[in-house]
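Below you'll find the structure, written out as structure tokens, and then a few comments.
Every number here is computed from the coordinates shown, using simple stated rules; none is lab data. Not measured: the values here are computed from a predicted model. When we count neighbours, we look across all protein chains shown, and the Cβ atoms used for this are built from the backbone with ideal geometry, even at glycine.
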Amino acid sequence: MELGPYILLASLEGAVTAAVLALTAVGLSLVFGVMRVVNIAHGEFFMLGAVIAWWVANSIGGPPAMGFAAALVIAPLVVGTIAAAADMTILKRLEYDPERTIVATIGLLYILQQLTLMTYGPDARPVEAPFNQRLALPWIGRTETGWEMYYPWGLSTTTYKLAVIGAAAAVLGGVWAMMARTRIGLLMRATQADRDMALAFGIPVEKVYALVFGIGAGLAALAAVLIVPIQQAHYLMGADPLLLSFIVVIIGGLGSLPGTVVAAILIGLSDGIISVFFSPTLAKILATLLVGLVLVFRPNGLFGTRAP
Amino acid sequence: MTRQTARILALHGGLLAVLFAAQFVLPAYHHGNLARIMVLASYAIGYNILFGYTGLLSLGHALFFAAGMYAMGLGIQYGGLSPAPAFLAGVVAGALISGALALLALRTTGVAFMIVTLMFAQAGYLTILYFGEYTRGDEGFVIQTAQRMLWGINLSDPVNRYFAAFGLFAISLSLSLWMVRAPFGRVLVAIRENEDRVQMLGYDTYVHKLGAMVVSGTISAAAGAAYGLLFGYAGASFASVQYSIFPLLWVLLGGAGTVLGPFIGTLFMFYLIDLSSGVTTAYMLIAGVVLVALTLFAPQGLAGEVRRRVWRGLP
């Protein structure tokens, strides 16, 4: 394959990564923005989403589309409920102290991960995609007979991957609409702006917190359900989404939702293209160093305006 | 010498005397465990200086532990060093790396400091994997018995190993006890309690925090180098996030900001995991549950509870 089609393929793969990453990172960003809690267990909520999707799809049986559709509803709900329960039993009692909540969510990370290992086991298991049509893509290039449109070998995507991108965009639109247009979104923004004032105005801040923590985890679980037909479910799969979400949230500006989406697209696309040229380990080293240095020199994130 | 000082010396000296005497009575299995615990407790003591006394929560101490271990291990493996200079190389590597990271990370505070240290430690771990040709990555490499002869003493022999671990632990414990009672350590505690006020009193808090991080990183690196040397193995898993979480766990359990806390926490956690690994392979579950329970119910830790209830002067 020539370079042009190769880069197109890499950016298509990158767009799928970006879509899933945007969902996961928006969940993390929402929790940080409203609650000021750095949720280290976010990657494990992602993993739980994938594992529950496998479990639901497997126990329902029937055509793959039915199991998948059920998983799409059940997994985020279950994970969101678990997260909300964790918020009410653990984080609330820590009074959302930033440092203690980090330690507690590290503990939560190990609890969720190891419980999954004990019940689900160490195997990676796939969920069948509801539809998976291969689409060959055309490319315009110079051939012996001049400029011509042709189908290079290996340049293709699947209907499912396109659907993932579409679904992620729709959900992100939904999150934006919820934050900007609904009453609960208003309550969340009020809590984010000034917790004490919100409390004084009779906003049930604790309930808002539990809801936000649940929605944040549910978004990660939803992203995992979308990706699990492409990437298998495994009990250690939470580490990479956690790291990437951190990178995205920090580069996009802590707690800023539009910045997070822009950064997710940027990182997802460049991840696809960079991994064409560099080894994955080197790419990860550069990415982690970048996050560290951005935090040191631009603590508000590259696009952030507010103090964190 | 005041009565207070006498009591403190008696308590800490007493622990060292008990540990010294323990090797003559302990069965072989626990004898080996205790040697390991003393090395790991030295790591926790290093961590405690930054976290417990200065109030800076680092999530990247595995970087220093691994720096000591790998500078020592690679020095022996490829540099042909003998154990003493290799150990020194590990300590120096730890001092340099913690100094460099401190220069960057101390520009941030609170949550940002935690994430910056986490990220740089992760970059260090990935770097070890990237140079897998030399470091053997996750698989690690064994340091042969013949390479572990220190001045004609075989460090792989259990008795010598216990003595070496005891020596490291005794030095770390005494250093930590002396430091927190010296003016430098007093300023660190003051920074933990109220940094703005310390600054207003005319102290250079940045230099003190820098010093605390270098001392902390250097002790951690010494523990890492000793661990590799005494147990004959260096592997990338010692640089992973898990090994940054462990000292936090030990210190929290034993009591952050107490001299004895790191040892107590390491001892308890080691045996908790040792006993539970007989029941399940998912032993990190215990670590997770203990972490959550500690943050919820006993943020002071065991020695912290003793300080609160029994003896307020416990250093």
### Query
With all pairs of different alpha carbon atoms counted, what Kirkwood hydrodynamic radius in Å does chain B show?
19.8 Å
### Task
Using only alpha carbon pairs under 8 Å that are at least six residues apart, calculate the relative contact order of chain B and give it in whole percent.
31 percent
### Query
Where the only charges are on Cβ atoms (+1 Lys, Arg; -1 Asp, Glu), what is the dipole of segment B:26-240 about its Cα centre, to the nearest 20 debye?
320 debye
### Task
Compute the longest continuous run of chain A that contains no exposed chymotrypsin sites (Phe, Trp or Tyr not before Pro); treat a site as exposed when its DSSP state is not H, G, I, E or B and it has at most 14 other Cβ atoms within 10 Å.
A:1-130
### Query
Taking Cα pairs under 8 Å and at least six residues apart, what relative contact order does chain A come out at, in percent?
36 percent
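What does the average come to when, for each residue of peptide B:121-128, you count the partner chain Cβ atoms lying within 10 Å of its Cβ?
Across the residues of B:121-128, the mean count of other-chain Cβ atoms within 10 Å is 5.
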### Summary
To the nearest 10 degrees, the tilt of helix A:183-193 (Cα long axis) against the first principal axis of the alpha carbons of chain A is 70 degrees
### Query
How crowded by other chains is B:249-258, given as the mean number of beta carbons from other chains within 10 Å of each beta carbon?
1
### Summary
Under 5 Å from the placed amide H of B:TYR233, counting only residues 5+ away or on other chains, we find B:ILE143
### Task
Could you work out how far the C-alpha centroid of segment A:209-232 sits from that of segment A:46-87, in angstrom?
9 Å
### Task
Just add up the charged neighbours of A:ALA57: K/R +1, D/E -1, any other residue whose Cβ is under 11 Å from the Cβ of A:ALA57.
0
### Query
Mind checking the angle between helix A:159-181 and chain A's longest principal axis? C-alpha axes, 0 to 90 degrees, to the nearest 10.
30 degrees
### Summary
If every Lys and Arg gets +1 and every Asp and Glu gets -1 at its Cβ, then about the Cα centre segment A:18-169 yields a dipole, in debye to the nearest 20, of 100 debye
### Query
Quick one: what do you get for segment A:60-100 if you divide its Cα Rg by 2.2 N^0.38 Å?
1.78
### Message
Please compute the average number of Cβ atoms from other chains found within 10 Å of each residue's Cβ in peptide A:111-119.
### Response
4
### Message
Run through segment B:238-315 and list the chymotrypsin sites (Phe, Trp or Tyr not before Pro) located in a DSSP loop whose Cβ has at most 16 other Cβ atoms within 10 Å.
### Response
B:TRP311
### Message
Can you work out the Karplus-derived ³J(HN,Hα) for every residue in segment A:216-221? Use 6.51 cos²θ - 1.76 cosθ + 1.60 with θ = phi - 60°, whole Hz, and x for glycine or proline.
### Response
x, 5, x, 5, 4, 5
### Query
Long-range amide H contacts for A:THR158: which residues qualify at under 5 Å (H placed 1.01 Å from N, peptide plane, sequence gap of 5 or more or a different chain)?
A:LEU135
#### Entry: For the protein assembly as shown, size of Cβ-based charge dipole, Lys and Arg +1, Asp and Glu -1, in debye
1580 debye
### Query
Along segment B:23-31, what does the Karplus equation 6.51 cos²θ - 1.76 cosθ + 1.60 (θ = phi - 60°) give for ³J(HN,Hα), rounded to whole Hz, x for Gly and Pro?
5, 7, 10, 5, x, 3, 4, 6, 4
### Task
Please turn the phi angles of segment A:9-19 into ³J(HN,Hα) values with the Karplus equation 6.51 cos²θ - 1.76 cosθ + 1.60 (θ = phi - 60°), one per residue in order, whole Hz, x for glycine and proline.
4, 4, 6, 5, 4, x, 5, 5, 4, 4, 5
### Rounded tilt (10° steps) of A:42-60 against the dominant C-alpha axis of chain A
70 degrees
### Task
Using a 10 angstrom cutoff on alpha carbons, build the Gaussian network for chain B and name the most mobile of B:LEU56, B:LEU296, B:LEU103.
B:LEU296
### Summary
One finds, for B:ARG312 and A:ALA180 with R0 = 45 angstrom and r their Cβ-Cβ distance, a FRET efficiency to the nearest 0.05 of 0.25
### Query
aspartates and glutamates near A:LYS284 by alpha-carbon distance under 12 Å, same-chain residues fewer than 8 away left out - which ones?
A:ASP240, A:ASP271
### Dimensionless Rg ratio for the protein assembly as shown, taking C-alpha atoms and the 2.2 N^0.38 Å reference
1.03
### Query
Which whole-number percent gives the relative contact order of segment B:169-315, counting Cα pairs below 8 Å spaced six or more residues apart?
21 percent
